[in-house]
Every structure is written in structure tokens, then in C-alpha cells.
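Every read-out reported here was derived from the displayed coordinates using simple, explicitly stated rules and does not represent laboratory data. From a predicted model like this one, the values you see are computed outputs, not experimental measurements. Note: ideal-geometry Cβ built from the backbone for every residue, glycine included; neighbour counts use all protein chains shown.
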Amino acid sequence: MTQWIPVASQDDLFDGASLSVDAQGSEVALFQIEGTVHAIDNICSHGDARLCDGFLLDYEIECPFHQGRFDLRTGAPTCEPVTAPVKVWSVKVDDGLIWIQVDSD
Ligand code: FES
């Protein structure tokens, strides 16, 4: 089963910004692009870098360590040296809050 949990206020994010949040023990990075919020694993699949500290290039996030890139919509790697994807989390905005879908027991 899954459930939606609130992780941030909508006011905490704006276009071009990123935010690191905790989703029941998982570190998730939020990004807002043209009013839409995207959520992926915050830790790079290539090393111990936080993608929320990277650089946004349209729908790609560039890792701050070795400049690997991921597509925020799919989690797919788009530039070496990253070869493994990161998880994309289902996200929604409702009632002024940003919600992430997590597994529940
Ligand atoms: S740690 Fe992200 S590209 Fe190396």
C-alpha cells in the first residue's frame, strides 16, 4: 500500500529552486519548474552528492560533484559519468502543501 505524506509547504519552493526533504527516512530533492514540482532521490547514484545542490538546466539536474546529469521527469541519467537512474517520487501539491507518495506497511 501507499500513502501521501506532506513534506513541505508550497511556499518553501519557487520556480528554479530546489529543496531537500525527508520522506519517511528517505532523502528526497524537490525542484519546481514552470510551476510543476518534481521529486527525485536526493543522493546521486554515482556518489555521495546531494542533487538539491546541483545546477538546473531545463528538466535536467547536474550533479555538483562530477557533473553527471539526470532527467527530473524520469530519473534517467543523461550525461556521464552517471549510468544508473535515481528514483522518481510521485508528488502533488494540495491545500498549500507538497505531498510525496510513500510505501506504507
Ligand atoms: S557523485 Fe554525482 S556525478 Fe559523481
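Let me check against my output: what whole-number percent is the relative contact order of the chain, with C-alpha pairs under 8 Å and at least 6 apart?
Here the relative contact order equals 29 percent.
Got a sec? How would Leu19, Leu56 order by Cβ neighbour count within 10 Å, fewest to most?
Final ranking by Cβ density, sparse to dense: Leu56, Leu19.
So how do Glu80, Glu27 line up by other beta-carbon neighbours within 10 Å, fewest first?
The order, fewest Cβ neighbours first, is Glu80, Glu27.
Could you list Cys44, Cys79 so that the one with the fewest beta carbons within 10 Å of its beta carbon is first and the one with the most is last?
Ascending number of Cβ neighbours within 10 Å: Cys79, Cys44.
How big is the gap, in Å, between the Cα center of the stretch 5-57 and the Cα center of the stretch 75-94?
Cα centroid to Cα centroid, the span is 11 Å.
Placing one identical point scatterer on every Cα of the chain and ignoring solvent, what is log10 I(q)/I(0) from the Debye formula at q = 0.11, 0.21, 0.22 Å⁻¹?
Once normalised to I(0) and log-transformed, intensities are -0.30, -1.04, -1.13.
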